[in-house]
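Presented below is the structure to which this report refers.
Every read-out reported here was derived from the displayed coordinates using simple, explicitly stated rules and does not represent laboratory data. Keep in mind the model is a prediction, meaning the values are calculated, not measured. For neighbour counting, all protein chains shown are included, and Cβ atoms are generated from backbone atoms with ideal geometry for every residue, glycine included.
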Amino acid sequence: MEDIPTGKGGLIDFKALNRQAQEIIDEFKLPFKSTARARDLSVAYQQMIEIMKAYRRKPKIIAFDEPTASLSDAEIETLFGIIHSLKQKGIIILYVSHRMKEIFQITDEVVVLKDGKFVEHLRTAETDEHAIIRRMVGRDLGDIFNNLSRNDKKGDVVLEVRHLIADNVKDVSFTLRAGEVLGFAGLVGAGRTETMRAIFGADALKSGEVWLKGEAVRVQYPEDAIRLGLALCPEDRKDQGIVARQSVKNNISMAILPSLVRHGLIDKKAEAEVANKGKRDLNIRTPDIDKRLGELSGGNQQKTILARWLASRPAVLILDEPTKGIDVGSKSEIYQIICDLSKQQIGVIVISSELTEIMGVCDRILVMCEGRITGEISREDATEHTILTYAMADMLGGRQQ
Amino acid sequence: MTQTKQTLKQENPNAGLSAIVTRFFKSEKLGLLLALLLIILVFQALTGGKYLSQANLINIMIAMAVVGLVTIGESFLLITGKVDLSPGSVAAFSGVLAAILLNQGLSMYLVIPIVMLLGMGIGALNAFLVNKLKLEAFIATLATMSIFRGMAYIICGGKAVFLNDKSFLTFGAGRLFGIPIPVIIFVIIFAFFMVVLSRTRFGRNVYMIGGNAVASRLTGINSNKLLLKLFMMTSALAALGGCIMSARMSSGQPMSSEGLEFDAVTAAVLGGVAMGGGIGSLGGALIGLFIMQGFNNGLMMLNVPSFWQTVSRGLLLIAALSFDFLRNRRSKLK
């Protein structure tokens with residue numbers, strides 16, 4: 001806990017340092033010692049330490065930018081307790097979040113920004129979630145889902161997975177038809193991402209079969225999967241999806257580069273065509289395709305990754321948390337893109353932890369829990385209650401399919 | 001097809017000469033070229049015009065050839081976020097081995113390929129340590145640097161191996177159309193790899209892996225294979241450099257090329273190749289080479305003691321990087 005520094009002329013007075021640190025920790029009513037090592041603490045407590053570091057300097061304002069992104073529900077409660085006590089001490093809190101629930105839980109006033117512009121300043125008590133979302137998109141989320149133009153012509157089974165076993169995945173079987181949007185719901189750690197990574201060859205597949213367009217295939221590496229017509233948009237866009245320092249163009253052409261080579265050299269004209277097509281089709285907002293991808297917003301980065309995979313003309317597109325950390329405007333665009341892709345007879349798999357999203361976009365929803373599929377629901381029958389019941393099957397007494 | 005061409009033109013209205021001019025002024029290489037120009041002007045003035053003489057320019061190019069070959073490999077590796085510390089040792093080992101083989105009566109047209117193939121083997125060893133044993137490239141090649149420096153001494157018993165193979169000595173000292181053969185070799189190889197890095201899929205993948213290795217893997221780019229090729233290429237170029245060294249010194253010297261890799265990394269970094277990976281170009285590295293060698297040569301002409309030359313090279317590196325840092329910060333603020 002020596003991350004809270006106090007210099008004492010030349011040598012560090014560790015006793016005083018620990019005492020001062022402990023005082024702050026006690027003031028925040030946190031259950032660890034000042035001598036604990038920060039890395040041994042949970043992410044939530046590490047974040048508390050950051051807050052205490054800021055607090056020590058007696059600030060008038062503390063700004064939080066999406067502080068709950070990596071916290072569990074219980075940890076969020078602790079964080080909110082702290083924010084509340086900071087408020088009591090007269091500190092002004094600026095809280096940036098895209099999670100509506102939190103905004104209403106802890107704020108007094110809300111400022112809505114859209115596309116870098118001020119939209120409206122509201123009193124939290126006098127507004128509601130729908131009102132804010134309407135200002136963010138110009139429409140209601142419910143309307144967005146109702147107005148999606150969906151695909152109603154499903155084709156044959158394009159992907160079939162039989163008894164897949166991998167790390168954290170215990171016997172998963174399912175089928176996906178061409179033109180279908182198949183949702184994977186479940187709690188964090190249910191094995192959804194691991195299932196998809198094993199199918200895609202990103203992680204080892206211990207046993208089980210993957211059938212693509214009626215043929216058993218062996219996928220050892222992602223390059224095999226790509227060649228066979230699979231595409232995977234990973235969950236962590238920043239660390240696993242984008243190459244931030246490279247241009248939008250280079251990011252889009254990445255997966256199909258082998259097909260753009262003429263006489264050993266990359267055909268620049270063909271590459272620019274592919275990139276411009278992606279930019280147009282997915283409405284990527286960038287002045288030109290040579291701009292570095294890292295300089296675009298999260299929503300446009302995600303659309304660029306989508307463009308990368310669409311250029312490869314996949315038979316199956318797997319989207320892992322496709323709207324995580326993305327503004328509501330881009331979200332609604334991505335929902336329509338997903339439906340458009342299903343119309344092109346691409347089989348789309350959507351993993352999402354947002355229940356409204358999964359219920360709004362998917363034709364059929366599989367629920368996973370503890371590495372197994374515990375339930376299957378069609379969109380018409382889906383309610384938050386049934387999905388959560390399946391998602392927590394293990395805690396509710398092993399209610400199996 | 002024609003329709004896309006039109007849209008392309010629309011989206012890029014200031015194509016043609018003006019675009020080239022703006023691109024030049026926005027280019028990261030502008031600062032570097034200015035620095036190089038400054039160095040040239042200062043030394044030209046201080047040496048009373050002898051600096052830019054044809055004879056001296058050729059001196060600079062000769063000094064550049066060997067370190068330049070290694071700079072190619074180091075630039076590729078630095079862009080992927082790796083580094084190779086062994087080229088100096090590989091060059092010495094290869095140079096001594098070439099001398100021994102030539103003294104056995106083997107033809108240089110056999111010896112040079114053999115030595116370069118062995119170099120590739122050493123590169124494969126480096127890649128094995130990095131890819132399979134998951135060692136940091138810095139540590140792995142620190143180990144092979146030590147191993148092959150030792151091997152260089154062992155195979156010759158610690159003594160220089162003198163050479164009198166005529167054709168091999170021509171390889172080091174001969175000229176074609178007035179240009180030294182090592183310089184011609186360097187220019188051809190450099191031009192080849194410039195195209196490889198900027199225009200081929202292989203080169204693109206170097207940038208992609210350096211920019212985001214995980215995303216590259218998930219997009220089907222095999223980084224182990226690529227690193228294997230890069231380490232093999234770097235060591236082979238170092239081995240060729242070692243042969244040139246031996247030919248120029250008419251002997252295989254086990255202590256030669258000490259610190260060659262650091263000169264190569266310095267030149268690459270001076271030329272804007274980022275140590276963090278993902279950024280840089282061979283064009284930049286070439287300017288970096290010119291700056292470094294031009295600076296060294298200028299100090300030599302002014303009879304600055306060689307120890308001070310070493311000191312000033314360090315100062316030059318710091319100056320170049322702080323300039324770059326300030327420039328980047330300003331452009332970020334914009």
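Values as computed for the structure displayed
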item	result
Using a Förster distance of 30 Å, the FRET efficiency for B:Ile188-B:Phe262 (Cβ separation, nearest 0.05)	0.75
Segments B:73-84, B:197-208, A:21-32, A:357-368 sorted - mean Cβ within 10 Å per residue, highest first	B:73-84, A:357-368, B:197-208, A:21-32
Potential lengthening between A:Leu71 and A:Leu388 on full extension [0.36 nm per residue; Cα-Cα distance subtracted]	112.2 nm
Region A:221-264: trypsin sites (Lys or Arg not before Pro) in DSSP coil with no more than 14 other Cβ atoms inside 10 Å	none
Entries of A:Lys213/B:Lys225; A:Lys33/A:Lys238; A:Lys277/B:Lys82; A:Lys117/A:Lys303; B:Lys132/B:Lys159; A:Lys58/A:Lys117 with Cα pairs more than 27 Å apart	A:Lys213/B:Lys225; A:Lys33/A:Lys238; A:Lys277/B:Lys82; B:Lys132/B:Lys159; A:Lys58/A:Lys117
Sites matching trypsin sites (Lys or Arg not before Pro) across region A:76-133 that sit in DSSP coil, with at most 13 neighbouring C-beta atoms within 10 Å	A:Lys89, A:Arg99
Residues A:Asp281 and A:Glu129, FRET efficiency given R0 of 25 Å [Cβ-Cβ distance, rounded to 0.05]	0.20
Region A:14-107, dipole about Cα centre (Lys/Arg Cβ +1, Asp/Glu Cβ -1), debye to the nearest 20	520 debye
Shielding score for B:276-285, defined as the mean number of other chain Cβ atoms within 10 Å	1
Dipole moment magnitude, nearest 20 debye, region A:238-378 about Cα centre, only Lys, Arg, Asp, Glu C-beta charged	600 debye
Cβ-based charge dipole, the protein assembly as shown, positive-most Cα from B:Ile122, B:Val96, A:Thr383	B:Val96
Shielding by partners, peptide A:256-267 (average Cβ within 10 angstrom, other chains)	3
Charge dipole (region A:120-212, unit charges on Cβ, about Cα centre) - positive-most of A:Ala202, A:Gly186, A:Met136	A:Ala202
Calculated from backbone phi, Karplus (6.51, -1.76, 1.60) coupling profile of region B:210-226 in Hz, x at Gly/Pro	x, x, 6, 5, 5, 4, 4, 4, 6, 10, x, 8, 8, 6, 4, 4, 5
Cα centre as origin, Lys/Arg/Asp/Glu Cβ charges: region B:65-278 dipole, Debye	500 debye
Under 5 Å, built H, 5+ apart or other chain: amide partners of A:Ile318	A:Ala231, A:Leu232, A:Cys233, A:Ile349
Farthest toward positive dipole pole in chain A [+1 Lys/Arg, -1 Asp/Glu at C-beta], among A:Leu17, A:Asn147, A:Val316	A:Leu17
Calculated from backbone phi, Karplus (6.51, -1.76, 1.60) coupling profile of region B:180-193 in Hz, x at Gly/Pro	x, 4, x, 5, 4, 4, 4, 4, 5, 5, 4, 4, 4, 6
Spacing of the two label points (7 Å from each Cα toward its C-beta) at A:Gln88 and B:Phe138, in nm	4.7 nm
Pair B:Phe162, A:Glu380: separation of 7 Å Cα→Cβ label points (nm)	9.8 nm
Cα-projected label distance for A:Ser173 with A:Phe14, points at 7 Å along beta-carbon direction, nm	6.1 nm
